[in-house]
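For reference, the structure is listed below as structure tokens.
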Amino acid sequence: MTAARRASAYLTTHARTRLALLLAAPLTWLVLVYVVALAALLVTALWTVDSFTGEITQTWTLDNIVTVVTGALYQAVTLRTIAVALLVTVIDIAVALPIAFFMAKVASPRLQRVLVVAVLMPLWASYLVKAYAWRSVLAEGGVADWATGGNSPGFGLPATIMTLAYLWLPYVILPIYAGLERVPDSLLEASSDLGAPTAQTLRLIVLPMLWPAIIAGSIFSFSLSLGDYITVNIVGGANQLLGNLVYTNVGAANNLPLAAAIALVPIVIMFVYLGAVRRTGALENL
Amino acid sequence: MRLSTPARVILGAVTALVLAVVYLPLLVVLANSFSTSRNLAWPPPGLTLEWWGRAFRSQGALDALLTSVQIALAATAVALVLGTLISLALQRQAFFGRDAVSLLVILPIALPGIVTGIALNNAFRTILDVRLGIATIIVAHATFCIVTVFNNVLARLRRTGTNLEEASADLGAGVWTTFRLVTFPQLRSALFAGGLLAFALSFDEIIVTTFTTGSGVTTLPIWILDNLFRPNQAPIVSVIAVVLVVISILPISIAQRIGGAEQVTK
């Protein structure tokens, strides 16, 4: 028996070893690169920067976290960011539901294929291209000005919300569409045969089955909005979101510990959110 | 549930309207790429092909494109290997901590990009003390690309089941032979779809990239961002934007064709 055959026979009968071998490389990577990095971020948030040399000194302090939690600027920006992310998510779900429903349950198979491509294509077009496209629409003297006779909303928070909702729309449509595809037509027919009006069928049959998919879509739009600082730079005028504060503190202000402390805010928000939706089974729908 | 005709018409109209809004800005970019205006004025005061010529001679843009492709290819390769291994482990065996592992795979994409970015920036700079550059971008991109391969392969493994693999083992094939001749051919198109998505994700990524790139390394998104606010470069950015949208048709149509072929053979 060759070595290869012996190894193969051993692996066939030893499931634990097989599992360990399969998991070794990916787990090492994810733990070393990601978990350690996240833990280090928490540790860095507890350090401080020497105001003379600009070097990080490893004195333990809660100052950064206290600053972020109590500082008026940070509170305002955090609330603004959460509000933007929530609005973007609500807009996306409201727009995605009718489209996904039309794609999955009304359109002919042929039209369905065309629509999937039509929804997918902007997803593959670059993120920056799309943000930039809205910049060209909203720019002074641009399309929006021309169409409204100079009354374009221009750059600002509404433009940021609109652009973010535009950017993440395909990420919300696709899981909801996939979720609707899994609702069997026969179930809907049975419901109507038993006398339920359309609204009732939607509420009692479709919505409960679709819920995990909607949550999955919301994780994308909420998380992506929560960490964005580039769109707000491109179309947001002078407004700042959490991402901008992190970015300036890593770069221009050179205060990595403070940046780390600010980054803990979206981490905490996302963990609370993921924890809250874990039971819905949404994470399997991502 | 039977939808009334007005309901169907309204749903169709909403879909058409939203798609129009989705494509309108992209059409504006297309028009601007031919405009003589340097500051996105509308309607275009005149038409020119100058920007198209300048874009294809722009060394900065071409170099950035090459860098982006290299990074995306490397990150995709790593993600394909790691994503396949982890989905085989998770789908074929139940073990303690399985949910934790699957959460760990999802986390890099579920947490905002800025978190992944600053966490890795901090780890590379203060713990490992490595120089930021192409290698650090590849590591960062591969980390959040694993999930796309993982999702695709996991869904495929769920669908195919274990019958064929068991038959292969019963007929005396070893672990490796079974994987090469039975499991892998079943996974091939799922790997392609996952890999394609990973490539696109990496190619387009800007937030994590700005935190993990070093001086002198410019990916295409970074180049676009650098040039977005320069008045003379805006029309060239429009050209590159149009080219990117047009190129993106290729992977979508390939993915659709593969998906369509599978619908037929399923």
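Observations on the structure shown:
- Some residue of the stretch A:138-148 being under 26 Å from the mean Cα position of the chain (by Cα), in the same structural domain as A:ILE230 (by TED's automatic domain parsing) and under 21 Å from B:LEU17 (Cα atoms): yes
- Residue count for the stretch B:88-115 satisfying the condition of being more than 8 Å from every other protein chain (Cβ to nearest Cβ) and under 17 Å from B:THR136 (Cα atoms): 0.
- Taking the stretch B:134-208 and the helices (runs of 4 or more DSSP H) fully enclosed by it, the elements with 2 or more residues that are in the same structural domain as B:ALA89 (by TED's automatic domain parsing) and modelled with pLDDT of 90 or more are at B:134-160, B:184-204.
- For the stretch B:34-84, a residue qualifies if it is of a type in the set (Gly, Ala, Ser), within 24 Å of A:GLU140 (Cα to Cα) and more than 14 Å from chain A (Cβ to nearest Cβ), and exactly one does: B:GLY46.
- Scanning the stretch A:144-160 for residues that are under 30 Å from B:ARG257 (Cβ atoms), facing another protein chain (nearest Cβ under 8 Å) and either buried (at least 16 other Cβ atoms within 10 Å of the Cβ) or hydroxyl-bearing (Ser, Thr, Tyr) (or both) turns up nothing.
- Given (1) free of Cβ contacts under 8 Å to residues at least 24 places away in the same chain; (2) of a type in the set (S, T, N, Q); (3) within 11 Å of chain A (Cβ to nearest Cβ), index of the condition B:THR212 fails: (1)
- Qualifying residue in the stretch A:169-186 (condition: within 11 Å of chain B (Cβ to nearest Cβ) and within 17 Å of B:LEU24 (Cα to Cα)): yes
- Qualifying positions in the stretch A:235-263 - facing chain B (nearest Cβ under 10 Å) and surrounded by fewer than 18 Cβ atoms within 10 Å (Cβ to Cβ): A:GLY251
The values are calculated or read from the model by the stated rules, or taken from the named source; none is laboratory data. Bear in mind that the values here come from a model prediction, so they are computed numbers and not experimental data. Please note: Cβ atoms are built from the backbone with ideal geometry, for glycine as well, and neighbour counts cover all protein chains shown.
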